[in-house]
Structures are given as structure tokens and as C-alpha cells.
Amino acid sequence: MTKKDKIRFILIILAVFIVVVLKVAAFVWQKQQKPQVVEKQQQIPTCSIQYCEFADGLIVRTEGTVSSKTPFKVFVQNLPKNTQKAYIQFSMDSMDLGFNRFKLFPNENNPQEWRTNALLLPICTINDDRYKMEICLDDCQKAYRIEFRAR
């Protein structure tokens, strides 16, 4: 093996090592991003993925069929006036759906409402249809959870 071949080999090993370290760091960071979820008793009993009003006045509604096969939108009303950012993410008890954060944007047509772009549910490979949607505001000290079944 020539000196150039040895250097190439060492560089390849070093590159693989760096990629593995970055992947582990990203995984650890993602696991630390789990929000603290508001307990279910804050929800009004008629809460569903189509329409949910929380005890503090936050209203969440969807437009379209909530599915991993067809796009739908999520709208959130009555956010605190000082809200800087908001996002939603989906999870399941039966499997890890990976990183699937969807940003909410202020609605141009209604300043009291924030919305997502059209999105699809993350695909579940074990055919479970029981999802959880968590709505996070700013630093996610208080997350809102809606449990639902997808179509």
C-alpha cells in the first residue's frame, strides 16, 4: 500500500467516523426536543382532530381528510399575542415516526389564526391508525395534545 493509499484510507475512515458522530448527535438532539404535554383533562370532551377547543381558549381545527394519503391543513386560533413561533408534530405509541415538525404561519386572511401549509401524516408501517398531534408554542413549555384516528 502506497503512502497516498494510506492517507486516502485514513481520510475515508475519518469521514465515516464524523458522519456517525453527527448522526448520533442529531438523534440525541431530536430526543431532547420532546415537548411537555398538557394533560388531557384540559380538553373539552367533544375534542376531535376536526375541531378542538382547549380550556384556555386555544382552538384547533383541520381542513381536509386527515390522512397519510391526502393533504390537509391545520388551523390554530386564539394563540397568545406574544407568540413568536408555533409548530405541530405527530407521534404514536406503537412506533417512532421520526422528526416530523410542521411550522405554523400567521394566516394572512385572519391575523387571529395561524395555519400550516398542506401536509400529510407520517406513514405508519404497521398499519396503526392511532396518532397524537402536539401543538407547541415558542419554547414549548406548554404543549397541547389531540389524540385521534386517521382515515
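The values are calculated or read from the model by the stated rules, or taken from the named source; none is laboratory data. Everything numeric in this text was worked out from a predicted model, so none of it was measured. Here the Cβ positions follow ideal geometry from the backbone for every residue, glycine too, while neighbour counts run over all protein chains shown. What goes into the accessible areas is simple: the full protein's heavy atoms, side chains included, and nothing from ligands, DNA or RNA. Shrake-Rupley method; radii C 1.70, N 1.55, O 1.52, S 1.80 Å.
Yes/no matrix, rows are residues, columns are (1) at pLDDT 90 or above; (2) part of a strand (DSSP E or B); (3) over 21 Å from Arg115 (Cα atoms):
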residue: Ile18; (1), (2), (3): yes, no, yes
residue: Lys23; (1), (2), (3): no, no, yes
residue: Phe27; (1), (2), (3): no, no, yes
residue: Gln30; (1), (2), (3): no, no, yes
residue: Pro35; (1), (2), (3): no, no, no
residue: Cys47; (1), (2), (3): no, no, no
residue: Glu53; (1), (2), (3): yes, yes, no
residue: Asp56; (1), (2), (3): no, no, no
residue: Val60; (1), (2), (3): yes, yes, no
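In segment 1-12, what count of residues is obtained for those that are loosely packed, with under 10 Cβ neighbours inside 10 Å and either of a type in the set (S, T, N, Q) or assigned to a helix (DSSP H, G or I) (or both)?
So the answer is 4.
Residues of segment 83-97 being touching a residue at least 24 places away in the same chain (Cβ under 8 Å) and either open to solvent by 30 Å² or more (accessible area, probe 1.4 Å) or farther than 21 Å from Glu113 by Cβ (or both), which ones?
If the condition is that a residue be touching a residue at least 24 places away in the same chain (Cβ under 8 Å) and either open to solvent by 30 Å² or more (accessible area, probe 1.4 Å) or farther than 21 Å from Glu113 by Cβ (or both), then Gln84, Lys85, Ser91, Met92, Asp93, Ser94, Met95, Leu97 are the ones that fit.
Out of Asn78, Asn100, I need the residue that is at pLDDT below 90, under 19 Å from Lys142 (Cα atoms) and surrounded by 12 or more Cβ atoms within 10 Å (Cβ to Cβ). Which one?
Asn100
Phe148: farther than 16 Å from Leu58 by Cβ and open to solvent by less than 70 Å² (accessible area, probe 1.4 Å), yes or no?
For Phe148, the condition - farther than 16 Å from Leu58 by Cβ and open to solvent by less than 70 Å² (accessible area, probe 1.4 Å) - is met.
Of the residues Asp138, Asp129, which is of a type outside the set (Val, Ile, Thr), modelled with pLDDT under 85 and surrounded by 12 or more Cβ atoms within 10 Å (Cβ to Cβ)?
Within the list Asp138, Asp129, the selection yields Asp129.
Take segment 93-151 and flag every residue that is in a loop (DSSP other than H, G, I, E, B), closer than 17 Å to Lys81 by Cβ and among the charged types (D, E, K, R).
Listed by number, the residues that qualify are Asp138, Asp139, Lys142.
Take segment 47-64 and flag every residue that is open to solvent by 70 Å² or more (accessible area, probe 1.4 Å) and either touching a Pro at 6+ places or on another chain (Cβ under 7 Å) or among the hydroxyl-bearing types (Ser, Thr, Tyr) (or both).
Of everything in segment 47-64, just one residue is open to solvent by 70 Å² or more (accessible area, probe 1.4 Å) and either touching a Pro at 6+ places or on another chain (Cβ under 7 Å) or among the hydroxyl-bearing types (Ser, Thr, Tyr) (or both), namely Tyr51.
Evaluate the following for Ser67: is it out of contact with any strand residue (DSSP E or B) (no Cβ under 6 Å at 6 or more places or on another chain), touching a residue at least 12 places away in the same chain (Cβ under 8 Å) and open to solvent by 30 Å² or more (accessible area, probe 1.4 Å)?
no
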